Amino acid sequence: MKRHSIGKRFRKVKGLRKSDPNAVVPETPKQLQDYIDILTSKGVQINKVKYAIFQTKNGLKYPGLVASEKILSNETLVSVPRDLLLTTRHAFESPLKQMFIDHPQYFSNQFQSSWEDHQLMAFILYEYQRGPESEWHLLISNLPRDIDYLVFWSHEEQELLDDEKLIKLARKQYSEFLLEYETLKCITDKYPQHFKPETVTLENARWVYTHLVTRCFGKYLAYVTMVPFCELFNHECTDVFYDFEYNADNPHKSEESEQTQVKELKEDEELSITSSEGSYHSEDEISDSEYVTDTYEQFKEFNFDDFSEQSTQKFYEEFSKTFDIKQLENEEEEEFNKRIKDLQDQQIKMRKDFNIKLNLQREVFLLSRDCKTFVFQNIDYGDNYSIFFIGQMFAKLDKSIQEYITGGKAYFMAREDVKRIQLTCNTYRNNLYAFQKDVMKQPIYQTSYFQQKRAKGQNQSMDTVEQILSQPLDPDCEYYKQVWEKDKFDRFVMKASSKDQFDKGAQVYFCYGRLSNRMMLMRYGMSLEYNKYDHVHLRIEYLKYLQSNEAIWLVHKYQISKFKKFKLKHTTFPLDFIVFCKSIYWTFNVHSLDSFFKIQDLKLERKALQLALEILVEEISKFSDKLEDNEKLLHDNTLGYHEYFAVIYRLERQRIYHHNINLIKICIVVIDRMLDGVPFEQATEKTQFDFDYCETNRIILKKYFEQMKYALYLPK
């Protein structure tokens with residue numbers, strides 16, 4: 001089945017690892033060749049790769065590395081001695097050290113998450129102005145000035161992405177860059193002995209900053225690091241990775257660091273691109289929540305204290321009327337006293353009965369409140385499904401209390417209602433955790449949604465240079481470590497993994513990480529066609545789907561996000577999105593609790609799939625151009641680099657939408673067949689929406705179909 005995976009399919013479409021007929025191997029530019037010659041004289045080893053020029057579909061040229069002969073799996077492509085790496089340690093232990101010590105508010109990790117970038121930007125600008133006298137002269141002079149990334153695109157170019165949230169993020173980060181530059185400029189102006197007036201300019205800062213963002217390594221290294229020559233590797237979904245080698249006498253050498261055997265894979269041994277072995281894995285979350293902030297007047301939470309006060313007042317108003325007793329005409333004194341005593345006994349009984357009833361009502365209310373507290377502490381109101389369930393549970397609790405208080409339900413029945421709802425909530429919590437952990441492969445957070453939201457709001461940003469540099473210092477705090485140790489390894493190496501083989505003439509890529517096109521634009525200013533790690537952020541305004549006033553009230557009371565957010569991918573079926581749609585139709589005491597996260601009712605599942613389909617069709621209709629038009633645009637030779645990558649970004653989002661729409665249509669056809677009595681094996685055969693990718697789609701839908709099969713054998 002692996003031969004039909006998404007990774008295999010995309011790799012075949014793009015011709016990855018195959019010879020590129022459009023690649024040109026020109027004479028290496030003199031400045032770069034001089035740099036390579038010096039690097040090799042200092043111990044850098046370059047194996048089977050050389051400088052080449054490639055082109056996009058519309059003919060735009062870009063540099064990279066080509067395989068000069070066939071590259072086998074596990075082969076080392078580049079090996080760089082540790083001492084040739086430029087790291088934050090070099091920056092700190094430079095003549096700029098006192099400047100760093102004087103301004104920890106900008107250069108220390110105690111204040112800044114990007115402290116290493118700040119130190120390196122200052123250091124590289126310092127070394128840049130020294131020219132050939134700098135030991136890093138060739139590394140710095142070979143950093144091109146004609147590259148950028150999304151943050152530095154013009155507003156008109158950013159608008160081509162047709163993604164409001166991404167544009168907002170890019171512009172926010174540009175403002176942050178300007179603040180970082182202005183702060184650096186303010187500091188370096190105090191050190192004219194180190195910086196010439198023309199060195200720290202906006203243009204130079206942008207040039208260096210771009211390379212720090214796009215060309216540095218760091219996750220598995222002790223410091224943010226620039227690696228000579230390796231910046232020539234372009235990114236693709238291959239498995240080339242970086243690793244470390246140790247000399248025989250290195251005490252940090254381990255068995256894991258031994259050289260893996262180089263071998264040639266036969267065609268049927270190749271695996272699908274399902275991982276980036278040793279690569280830089282990265283999160284791809286862009287926070288864009290907007291919260292409900294207005295009030296909801298159509299529902300008011302039951303307040304037992306108010307009810308108790310009103311009930312007591314009403315009781316004593318009626319109770320006071322019983323004191324209006326007079327001796328009747330011709331009534332004997334003894335009879336009158338007996339009547340007074342009977343009334344007093346009756347009044348005592350009335351007070352006793354009232355207090356008992358009020359205490360029982362309070363007991364049922366407290367049980368209900370405890371149940372709500374359990375839900376509050378154990379279930380995240382802000383996740384993608386639970387508000388629909390919680391709304392029904394709270395409505396049921398409130399109804400049961402009201403029926404008991406108004407006399408429509410007996411005490412023991414009200415208690416049983418509350419207990420049953422608490423058991424239901426406990427089971428739901430367990431099912432939710434199992435779904436998140438086993439199906440969605442997500443961690444179960446101990447911190448509640450509300451704690452996370454409050455903590456996020458407490459982070460205050462610094463908006464001016466003065467705010468950054470005026471932060472108070474603690475005289476007892478060590479803002480920098482005393483010893484900056486070197487990396488433990490001896491050589492930094494770029495390697496082909498056990499899954500990689502490149503034909504002669506193929507472009508040789510390095511996998512920067514499992515990055516969506518969104519993150520690649522933000523980090524590298526590029527996007528990839530048929531990127532298996534790409535995804536679409538689907539944002540749904542869900543308030544219109546909430547049925548109970550209790551649920552709507554909870555959203556307003558706790559200012560929950562207006563949107564439920566999902567990731568649509570090439571590689572997986574959007575189960576969480578389907579569960580969201582199902583939660584809208586799921587009804588307590590009508591559908592089983594297990595059917596909330598599992599397929600147990602095919603008709604309920606069919607309704608969820610239909611709603612999911614309608615939502616996606618509506619979303620794709622919002623695009624200003626069609627998928628076919630964007631595919632044609634990729635061959636338009638009037639497009640520049642930014643326009644070209646914007647087209648790919650739009651196109652890939654559309655492809656993901658169409659892919660997921662087809663998957664949902666396939667599932668609807670299969671369920672309809674099963675509801676018509678077609679056996680499972682026949683029901684899951686190829687549909688009109690599979691096109692030429694039936695095997696690939698069945699890999700993606702395998703687990704979902706297994707649940708469908710299980711539902712067939714459940715008792716009706």
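Each of Leu366, Leu469 has its accessible area taken with a 1.4 Å probe; listed largest first, they run Leu366, Leu469. With all protein chains in place and a 1.4 Å probe, the accessible surface of the stretch 535-712 carries 48 percent carbon and sulfur. Near Leu77, the amide H atoms lying under 5 Å from its own belong to Met494, Lys495, Ala496; only residues 5 or more places off or on other chains count, and H is placed 1.01 Å from N. In this Cβ point-charge picture (+1 for Lys and Arg, -1 for Asp and Glu), the chain has a dipole of about 1840 debye about its Cα centre.
Restriction of the trypsin sites (Lys or Arg not before Pro) in the stretch 94-184 to DSSP coil positions whose beta-carbon has at most 13 other beta-carbons within 10 angstrom yields Arg145. The calculated FRET efficiency for Glu329 paired with Glu416, based on their beta-carbon distance and R0 = 45 Å, is about 0.25. With respect to the chain, whose longest principal axis is taken over its alpha-carbon atoms, helix 411-434 is tilted by about 10°.
Using only side-chain charges placed at the Cβ, +1 for Lys and Arg and -1 for Asp and Glu, the dipole size of the stretch 535-712 relative to its Cα centre rounds to 620 debye. For the pair Leu202 and Leu178 in one chain, pulling the backbone fully straight at 0.36 nm per residue adds 7.8 nm over the alpha carbon distance. Remark: accessible surface ordering of Ser624, Ser73 (largest first) is Ser624, Ser73, probe radius 1.4 Å.
According to the Cα-based calculation, Rg over Rh for the stretch 535-712 is 1.03, with Rh computed by the Kirkwood formula. Semi-axis lengths, largest first, of the ellipsoid equivalent to the chain are 63, 36, 22 Å, with √(5λ) applied to each eigenvalue of the Cα gyration tensor. Overall size of the stretch 30-119 from C-alpha positions, given as principal axis extents largest first: 52, 37, 31 Å. Across all Cα pairs in the stretch 663-709, the calculated P(r) in 10 Å bins from zero up to the longest distance comes to 29, 62, 9 percent per bin.
With every protein chain left in place, what is the accessible area per residue of the chain in square angstrom, probe 1.4 Å?
For the chain, the solvent-accessible area averages 51 Å² per residue.
A simple spin-label model places pseudo-atoms 7 Å from Cα toward Cβ; at Asp629 and Ala23 they are separated by 3.6 nm. A Förster radius of 41 Å, combined with the Cβ-Cβ distance separating Asn359 from Leu575, puts the computed FRET efficiency at roughly 0.30. Using the Karplus relation 6.51 cos²θ - 1.76 cosθ + 1.60 with θ = phi - 60°, the per-residue 3J(HN,Hα) values for the stretch 660-674 come to 6, 4, 5, 4, 5, 4, 4, 5, 5, 4, 5, 5, 4, 4, 5 Hz, with x marking Gly and Pro. When each of the peptides 227-240, 673-686 is scored by the mean number of other C-beta atoms lying within 10 Å of its residues, the order from highest to lowest reads 227-240, 673-686. The charge dipole of the stretch 463-611, taken about its Cα centre with unit charges on the Cβ of Lys, Arg, Asp and Glu (plus for the first two, minus for the last two), comes to roughly 880 debye. Farthest towards the positive end of the charge dipole of the chain, among the residues Gly391, Leu602, His155, is the Cα of Leu602, using unit charges on the Cβ of Lys, Arg, Asp and Glu.
Relative to the longest principal axis of the Cα atoms of the chain, the long axis of helix 602-620 lies at roughly 50 degrees.
Just going by the charge dipole of the chain, with Lys and Arg at +1 and Asp and Glu at -1 on Cβ, which of Ser308, Ile167, Met708 is farthest out on the positive end? Sorting the options by dipole projection puts first Met708. DSSP finds beta bridges in the chain, and of those with both partners inside it, around 90 percent are antiparallel. Which part of the stretch 117-149 falls in the paramagnetic zone of Ser41, meaning amide N under 20 Å from the point 7 Å along Cα-to-beta-carbon? Residues passing the 20 Å test: 131-143. Putting +1 on Lys and Arg Cβ atoms and -1 on Asp and Glu Cβ atoms, find which of Tyr51, Ile36, Phe111 reaches farthest to the positive end of the dipole of the stretch 1-116. Checked the options; the winner is Tyr51. For the pair Ile53 and Tyr246, what calculated FRET efficiency results from E = 1/(1 + (r/R0)^6), where r is the Cβ-Cβ distance and R0 = 30 Å, to the nearest 0.05? Efficiency for this residue pair is about 0.25.
Computed with a 1.4 Å probe on the full set of protein chains, the accessible area for Glu182 sits at about 90 Å². When the scattering of the stretch 86-219 is computed by the Debye formula from its Cα atoms alone, each counted once and equally, what is log10 I(q)/I(0) at q = 0.10, 0.16, 0.19, 0.20 Å⁻¹? The Debye formula, applied to the Cα set alone, gives -0.34, -0.85, -1.15, -1.25. In the chain, the longest principal axis of the Cα atoms and the axis of helix 694-712 are about 20 degrees apart. The loop-placed chymotrypsin sites (Phe, Trp or Tyr not before Pro) in the stretch 539-617, going by DSSP, include none that has at most 13 neighbouring Cβ atoms within 10 Å of its Cβ.
Of the trypsin sites (Lys or Arg not before Pro) found in the stretch 552-654, those in coil by DSSP whose Cβ has at most 15 other Cβ atoms within 10 Å are Lys622, Lys626.
The values are calculated or read from the model by the stated rules, or taken from the named source; none is laboratory data. None of the values given here were measured: they were computed from a predicted structure. So basically every Cβ, Gly included, is an ideal-geometry build from the backbone, and we count neighbours across all protein chains shown. Note: areas computed on protein heavy atoms with side chains; ligands, DNA, RNA excluded. Shrake-Rupley method; radii C 1.70, N 1.55, O 1.52, S 1.80 Å.
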